[in-house]
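Heads up: the structure comes next, in structure tokens.
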Amino acid sequence: MALWFYSSHQTPALTAAATLPVLYSFRRCPYAIRARLALAHAGLACELREINLRNKPQALLDASPKGTVPVLVLQDGKVIDQSLEVMLHALRDNDPDGWLQPTHGSLEDMLALIERNDSFFKQALDRCKYPERHDAETVNQAQADALTWLSALNDQLEETGYLFGLNPSLADMALRPFVRQYARIDEAQWNEQPWPHLQHWLQRWIDSALFAEVMETYPGWVPGTTGATFVSDSIESL
């Protein structure tokens, strides 16, 4: 399984004279959050362009016609437009806490869990978050699927507090933004669930300095201007 890839095209959105990669992002998007987590923890600076998903700038579409975030445009014009690939690119450059080297399991095990999160759980999450878009039977099944998934994560966290051993890993960082999104649907209901290990795992991350940094609010990017510089030197344990 390939760890990361670049799209085959180059974009005019970044000139050879540019000094930083450009990251197109949207603050609340869980995919963009996990990309920013890895970039920040790896200490890779970039120019952050916060976009409005309802009014996508042409520069974003030129870089990645699918028009979703995150999109990372490197100094040579190459594009990485999948969140997991951005994470792997950053951590292969600098992985100070060994997020790619779990104490339990393997990178392949983590990637398999992330793939299941991004397919099975993400579908259930969207249906729970927007029940008005679906019929009652579909929503009920989504709620059951979400509970099954989250209960399994809680069980996996019981022994060590992290998904793959004694320390935070790629899987913890890739999944937390999605679990956070589920918890925010109904916080009272979330707090009542019998998931102490999962709740602690999520809250520990939310209370961290790294989370605060990656969730900082930036003004919307105005085409033709330089975006904000995004960089972090946080090295705390999560």
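The values are calculated or read from the model by the stated rules, or taken from the named source; none is laboratory data. This one's a predicted model, so the numbers in the text were calculated from it and none came from an experiment. Cβ atoms come from the backbone with ideal geometry, glycine included; neighbour counts cover every protein chain shown.
A few notes on this one:
- Residue 205 vs. criteria modelled with pLDDT of 95 or more, surrounded by fewer than 20 Cβ atoms within 10 Å (Cβ to Cβ), part of a helix (DSSP H, G or I) and not aliphatic (A, V, I, L, M): yes
- Residue that is surrounded by the fewest Cβ atoms within 10 Å (Cβ to Cβ) [pool: residues in the range 107-142 that are of a type in the set (Gly, Ala, Ser) and over 17 Å from residue 184 (Cα atoms)]: 136
- Answer from 90, 35, 63, 45 - the residue that is over 23 Å from residue 178 (Cα atoms) and buried (at least 17 other Cβ atoms within 10 Å of the Cβ): 63
- All positions within the range 193-202 that are loosely packed, with under 12 Cβ neighbours inside 10 Å and within 15 Å of residue 146 (Cα to Cα): 194
- Residue check for residue 58: over 24 Å from residue 172 (Cβ atoms) and either outside the structural domain of residue 172 (by TED's automatic domain parsing) or of a type in the set (Ser, Thr, Tyr) (or both): yes
- Count of residues meeting criterion [within 13 Å of residue 214 (Cβ to Cβ) and either among the charged types (D, E, K, R) or at pLDDT below 95 (or both)] in the range 3-40: 4
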